[in-house]
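In what follows, a single structure is set out as structure tokens and then discussed.
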Amino acid sequence: MSDARTPAQIEADIKSRRDQLAVTLDEIGVRLHPKTIVGDAKAKVASTVDRTAGRALVAANRAVSDVKAQFVSEDGAPRLERLVPVALVAVGIVGLFALSARRRRG
């Protein structure tokens, strides 16, 4: 049995390899085109920004939930033992600012 190929088979192989090479070169050309490079860079930046914004949103939600948990019980009832002192401090600070403003004017 002979492994010899006919000239037609060799030509067909060469044509097939040329076609594969042409496709590969077209793909390389698309990948290296400046618009493709810029588009890929924009996509990476957008992905990074989205991921960072998502993390920031999760962190903010967690912080709000932690603060809320300090003033509201698990069943949703306000924790008066914590709310009343905070409210009194807030009223005191506002009162000090009002008194300070009144002294400056008068």
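For the stretch 13-63, state what percent of all Cα-Cα pairs lands in each successive 10 Å bin, counting from 0 Å until the bin that includes the largest distance.
22, 24, 20, 16, 11, 6, 1
Quick one: helix 34-71 against the long Cα principal axis of the chain, what's the angle to the nearest 10°, folded into 0 to 90?
30
For q values of 0.10, 0.15, 0.20 Å⁻¹, compute log₁₀ I(q)/I(0) with the Debye formula on a Cα-only model of the chain, without solvent.
Rounded to two decimals, the profile gives -0.71, -0.91, -1.07.
Using a 1.4 angstrom probe, figure out how much accessible area the chain has per residue, in square angstrom, rounded to the nearest whole. Don't skip to the end; give the middle numbers.
Values: 9600 Å² over 106 residues.
That works out to 91 Å² per residue.
Just going by the charge dipole of the chain, with Lys and Arg at +1 and Asp and Glu at -1 on Cβ, which of Ser65, Val45, Ile10 is farthest out on the positive end?
My answer, from the dipole projection, is Ser65.
Give a residue-ordered list of calculated ³J(HN,Hα) values for the stretch 90-98 (Karplus: 6.51 cos²θ - 1.76 cosθ + 1.60, θ = phi - 60°; whole Hz; x for Gly, Pro).
Calculated HN-Hα couplings, in order: 4, 5, x, 5, 4, x, 5, 5, 5 Hz.
For labels at Val49 and Ala87 in the simple 7 Å Cα→Cβ model, what's the distance in nm?
Computed distance between label sites Val49 and Ala87 equals 4.4 nm.
Select from Lys42, Lys68, Lys15 the residue whose mean-square fluctuation is largest in a Gaussian network model of the chain (Cα-Cα springs shorter than 10 Å).
Judging by the Gaussian network model, the answer is Lys15.
Across the stretch 23-31, in residue order, what do the Karplus-derived ³J(HN,Hα) couplings come to in whole Hz, using 6.51 cos²θ - 1.76 cosθ + 1.60 with θ = phi - 60° and x for Gly and Pro?
5, 4, 5, 4, 5, 5, x, 5, 5
Could you list which residues have their amide H under 5 Å from that of Val72, counting only those 5 or more apart in sequence or on another chain, with H placed in the peptide plane?
Under 5 Å from the amide H of Val72 lie the amide H atoms of Arg79, each far enough along the sequence or on another chain.
Would you look at the GNM of the chain, springs on alpha carbons closer than 10 Å, and say which of Ala56, Ala90, Ala43 moves the most?
With Cα springs under 10 Å in the chain, the top fluctuation among Ala56, Ala90, Ala43 is at Ala90.
What lysines could a cross-link reach from Lys35, if we take a straight Cα to Cα line under 16 Å and drop same-chain neighbours fewer than 8 places away?
Once the sequence-local lysines are set aside, what remains near Lys35 is Lys44.
Determine the dipole magnitude for the stretch 1-102: charges of +1 sit on the beta-carbon of Lys and Arg, -1 on that of Asp and Glu, nothing else is charged, the reference point is the Cα centre, and the result goes in debye to the nearest 20.
Computed charge dipole of the stretch 1-102: roughly 480 debye.
The values are calculated or read from the model by the stated rules, or taken from the named source; none is laboratory data. Fair warning: this is a prediction, and the values are worked out from it, not measured in the lab. All Cβ positions, even for glycine, are placed from backbone atoms using ideal geometry, and neighbour counts span all protein chains on display. The accessibility values were calculated without ligands, DNA or RNA, using every heavy atom of the protein model including side chains. Shrake-Rupley method; radii C 1.70, N 1.55, O 1.52, S 1.80 Å.
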